[in-house]
1. Across the stretch B:299-346, what is the total count of residues that are among the basic types (Lys, Arg) and under 13 Å from B:ASN36 (Cα atoms)?
2. Being open to solvent by 30 Å² or more (accessible area, probe 1.4 Å), free of Cβ contacts under 8 Å to residues at least 60 places away in the same chain and part of a helix (DSSP H, G or I) is the filter here, so list the residues in the stretch B:262-291 that pass it.
3. Is it true that some residue in the stretch B:297-306 is more than 17 Å from the chain's Cα centre (by Cα) and not polar (S, T, N, Q)?
4. If you go through the stretch B:286-300 one residue at a time, do you hit one that is closer than 30 Å to B:GLY89 by Cβ, touching a Ser or Thr at 6+ places or on another chain (Cβ under 9 Å) and not small (Gly, Ala, Ser)?
5. From the list A:SER46, A:SER32, exactly one residue is more than 30 Å from B:ILE86 (Cα to Cα) and either in a helix (DSSP H, G or I) or not β-branched (Val, Ile, Thr) (or both). Which is it?
6. Taking the stretch B:55-106 as the region of interest, how many residues are closer than 30 Å to B:LEU147 by Cα and of a type in the set (Lys, Arg)?
7. Within the stretch B:233-248, work out how many residues are surrounded by fewer than 18 Cβ atoms within 10 Å (Cβ to Cβ) and either touching a helix residue (DSSP H, G or I) at 6+ places or on another chain (Cβ under 6 Å) or assigned to a helix (DSSP H, G or I) (or both).
8. Would you check which residues across the stretch A:45-65 are away from chain B (no Cβ under 14 Å) and surrounded by fewer than 12 Cβ atoms within 10 Å (Cβ to Cβ) and list them?
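The values are calculated or read from the model by the stated rules, or taken from the named source; none is laboratory data. Quick caveat: nothing in here was measured; it's all calculated off a predicted structure. Note that each Cβ is placed from the backbone with ideal geometry, even for glycine, and that neighbours are counted across all protein chains shown. Ligands, DNA and RNA are excluded from the accessible area calculation, which covers all protein heavy atoms including side chains. Shrake-Rupley method; radii C 1.70, N 1.55, O 1.52, S 1.80 Å.
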Amino acid sequence: MVGEELVGLTPEMIEASQAGMKAIGAAIAVGSTGLASAAAEMAIGSAAVGATAENKDVFGLVLLLTVIPETIVIFGLVVALLLIF
Amino acid sequence: MVKFSAGPVPYVYVCTRMRVRKSKLIPREDYLRLLNMSIPEITRFIEETQYKKEIDELASSFHGIDLLELALSWNLAKEYQSIQDITPGVLKRFTQSYLRKWDIQNILTIFRGKAQGMKTGKIREILVPGGELDKVFLDRLLKEDSLEKIVEALRGQSIYPVIAAGITTAIEEESFAKIENALYKQFYENLLSEATSGFKGGRQFLEYILLDIDMINIRNMFRLRADKLPEDASTMVIPGGRFSIQDFQDLVSIEDEKSFIDALKSKVTLKPLLVLLDAMTGERSLREIEIDLIKVQLAQMESFSKMKPFSIHPILTYLEKKKYEIFNLRAIARGKEVNLPTDRIRGYLVM
């Protein structure tokens, strides 16, 4: 039982465990969204380089398109910050 | 050592480049403008597009139609080489296999040119060294003074056995049509075996090959019917597609035009082709039918490349469209050279 498992834990230990869990949650939030952004940017980036190689005028536009998936990792970062602070 | 796979990245890169290049091809409105221009005006016009480098390079040594023809051939060959340089892995392999069609075309151009006693320079103008046989090799062939020596120089090439087997008859009959058929049959046989040999993306390549074979067979049916030479039907068919040799012969032997179209409609499933066959009423010249068939094929290839945006399709679609751009410009230039009426030239354009 959960209650029985907690027997023997001091409040400091429980607090430390909660802080650890938050840190793990924050790490998962930033890590997974970072990977998702990378996957999205991989395809967009290679298309952007291809388009720029053929027509240099589109550089500004494709740069903007390439960084759009950065929003995913920003959401992750926000969640992580909310968890920690 | 850990190996990292680039995943779809090289496919995305090269397919995007092809799409951008395709968007730079000459649009229909410009062809209509070109139809009203003289050869120097056409040269100036294309100098402002993708052909600037070639025109600038050749302008000091050539002029008029020669300059235009050579610049177009050089540009096409350069484009083919550049695409082979940027395509990765298996896409490169498929692209190279597809481009071997130009080897056949170049060799036949040399044979026909030499047989008709054309000047070497004039033959060189229309060669497009886009396949396995490069410019230097083709130049070597052009320097040979007899057809037998040209065939000997081809020894070691994959097309040599077919050519060696048919050249004596071709010289006797003064026609290279049989060699041409045999070479194309070998070419498509090789493409089919490559597409089905288990390479990733082979299925998409196979889709294109089957479409191409079917369209060539349909075109040949119309040609045979127009020439009224059904006895040669079995040698003209390219096996591997939707039509078996028997189907082909049966279709070609139907005498009534309407019954032929109906029988053909029952054999095909391609929607744009069915629409085209439905619209085929009344007298249509063979040239008009051929141009319409090319348009159907290009439309279908375009649709393939939209369905599979990161496959061999966008590359092949661009290559085909680029080829027809060159054909169109050549048709306009040659038409203008011999003072053909504008409407007549327009009939030869794929736009």
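1. So in the stretch B:299-346, the residues among the basic types (Lys, Arg) come out as B:306, B:308, B:321-323, B:330, B:334, B:336, B:344, B:346.
This time we only want the ones that are under 13 Å from B:ASN36 (Cα atoms), so: B:336, B:344, B:346.
Within the stretch B:299-346, residues that are among the basic types (Lys, Arg) and under 13 Å from B:ASN36 (Cα atoms) number 3.
2. B:ASP262, B:LYS265, B:SER266, B:LYS267, B:LYS271, B:PRO272, B:LEU274, B:VAL275, B:ASP278, B:ALA279, B:GLU288
3. Taking the stretch B:297-306 first, the residues more than 17 Å from the chain's Cα centre (by Cα) are B:303-306.
With the extra rule that they be not polar (S, T, N, Q), the set shrinks to B:304, B:306.
Yes: one or more hits.
4. yes
5. Details: A:SER46 fails: more than 30 Å from B:ILE86 (Cα to Cα).
Every option except A:SER32 fails the conditions.
6. 3
7. Initial filter on the stretch B:233-248 (surrounded by fewer than 18 Cβ atoms within 10 Å (Cβ to Cβ)): B:234-235, B:239, B:242, B:244-247.
Next, only the ones that are either touching a helix residue (DSSP H, G or I) at 6+ places or on another chain (Cβ under 6 Å) or assigned to a helix (DSSP H, G or I) (or both) stay: B:234-235, B:242, B:245-247.
Here the count works out to 6.
8. Taking the stretch A:45-65 first, the residues away from chain B (no Cβ under 14 Å) are A:60, A:63-64.
Residues satisfying the conditions are A:GLY60, A:LEU64.
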